[in-house]
1. Scan 200, 218 and give me the residue that is in contact (Cβ under 8 Å) with a residue 12 or more places away in the chain, surrounded by fewer than 19 Cβ atoms within 10 Å (Cβ to Cβ) and under 30 Å from residue 60 (Cβ atoms).
2. Name, by its number, the condition in (1) loosely packed, with under 13 Cβ neighbours inside 10 Å; (2) within 30 Å of residue 292 (Cα to Cα); (3) free of Cβ contacts under 8 Å to residues at least 60 places away in the same chain that does not hold for residue 131.
3. For segment 5-35: of the residues being farther than 16 Å from residue 46 by Cα and in contact with an Asp or Glu (Cβ under 8 Å, 6 or more places away or on another chain), which is surrounded by the fewest Cβ atoms within 10 Å (Cβ to Cβ)?
4. Can you tell me which residue within segment 259-288, out of those that are among the basic types (Lys, Arg) and surrounded by fewer than 15 Cβ atoms within 10 Å (Cβ to Cβ), is modelled with the highest pLDDT?
5. May I ask you to verify whether residue 39 is in contact with a Phe, Trp or Tyr (Cβ under 7 Å, 6 or more places away or on another chain), in a helix (DSSP H, G or I) and more than 30 Å from residue 240 (Cβ to Cβ)?
6. Which pairs do you get when a residue that is at negative phi, found in segment 274-292, comes within reach of a residue that is acidic (Asp, Glu) and at pLDDT below 95, reach meaning Cβ atoms under 8 angstrom, with the pair 6+ apart or on two chains?
7. What pairs come up if the first residue lies in segment 84-105 and is assigned by TED's automatic domain parsing to the domain that holds residue 156 and assigned to a helix (DSSP H, G or I), the second is of a type in the set (Ser, Thr, Tyr) and crowded, with 19+ Cβ neighbours inside 10 Å, and their beta carbons are under 7 Å apart, counting only those six or more places apart or on different chains?
8. Cβ-Cβ distance below 6 Å, separation of 6 or more or different chains: which pairs start in segment 30-54 with a residue that is under 18 Å from residue 11 (Cα atoms) and end on one that is exposed (fewer than 13 other Cβ atoms within 10 Å of the Cβ)?
Amino acid sequence: MTVKISHTGELTKFFEQAAGFANDEGSPRLKQIILRFLQDSARLIEDLEISENEFWHAVDYLNRLGGRGEAGLLVAGLGIEHFLDLLQDAKDAAVGLAGGTPRTIEGPLYVAGAPIATGQVRMDDGSEEGVATVMFLEGQVLDPAGQPVPGATVDLWHANTRGTYSFFDQSQSEYNLRRRIVTDAEGYYRARSIVPSGYGCDPQGPTQECLDLLGRHGQRPAHIHFFISAPGYRHLTTQINLAGDKYLWDDFAYATRDGLVGEVQMREDGARGVSGRYVELRFDFQLQRAPDSEAEQRSGRPRALQQV
């Protein structure tokens, strides 16, 4: 027998008290959010007849998820981070903002404070020489009219050949495969790096545990993350996903979007001073004008910071 009490006046008053509405202290915004969370949780428990066993297993799961630092990974894997992009796209369309390189998810693996250089830089520390394929990545940052944007900051990061990221993988050197490049007078950024590998969730971790129960894999295609910023322009969070990858259009994090696929050109001509095979990847970014100064900044999402 299904019993529902979530709409009763007595329970409504109880949740309002639990959310702090009986006092004038604290954050009114958080109180509003917590009240809605309590009300919707109660209705979910009733509507789907969640058992006590299911409820407490869910609480244990959240404890394990947080303990492993995988909440940001699960948010991406369940499509919620992609939803935030779709929602912002819809908001932009509603006020007539259009054009430019598409946004896509940031993911949980950014680290602030990477070394900065002007025009060009080498990103890898050479530790995978002879194993990794050298990659020459370059392009221009352009304005809405297709003109170059000098002095833009291209903040980029990607995985190594094992699909792991420096800082989170302690075996890598500090800021390996993480750099900031200030574009030159023609709006160019250039980087020598290595071809990154795609990767998957830890098979023993709580994110993959959830995906297994949904009948889903936890794999990502090879990709390169970017923040692009310049005074007067809207901050862009995006990533290039490499063409030809098995998971290009089957990314568990839903980051691949039209306009964000990078075509890798294989070379073996010695023209770049590299013996043997290397790849070239050209990708230009087009920015939107910022409607206000706030739009020039990236979100206030908490991020890792390398301790130096």
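The values are calculated or read from the model by the stated rules, or taken from the named source; none is laboratory data. Because the structure is predicted, anything quoted here is derived from the model rather than measured. Quick reminder, even Gly has a Cβ in these numbers, built from the backbone with ideal geometry, and neighbours come from all protein chains shown.
1. Values: 218 fails: surrounded by fewer than 19 Cβ atoms within 10 Å (Cβ to Cβ).
Matching residue, one of 200, 218: 200.
2. (2)
3. 22
4. As a first pass, look at segment 259-288 and keep what is among the basic types (Lys, Arg): 267, 272, 277, 282.
Right, trim to surrounded by fewer than 15 Cβ atoms within 10 Å (Cβ to Cβ) and you get 272, 277, 282.
Numbers: 272: 92, 277: 95, 282: 98.
Across segment 259-288, the extreme among qualifying residues is 282.
5. On the way: in contact with a Phe, Trp or Tyr (Cβ under 7 Å, 6 or more places away or on another chain): yes; in a helix (DSSP H, G or I): yes; more than 30 Å from residue 240 (Cβ to Cβ): yes.
In short, yes.
6. 277/268; 278/268
7. Pairs found: 85/104.
8. What qualifies is 46/4.
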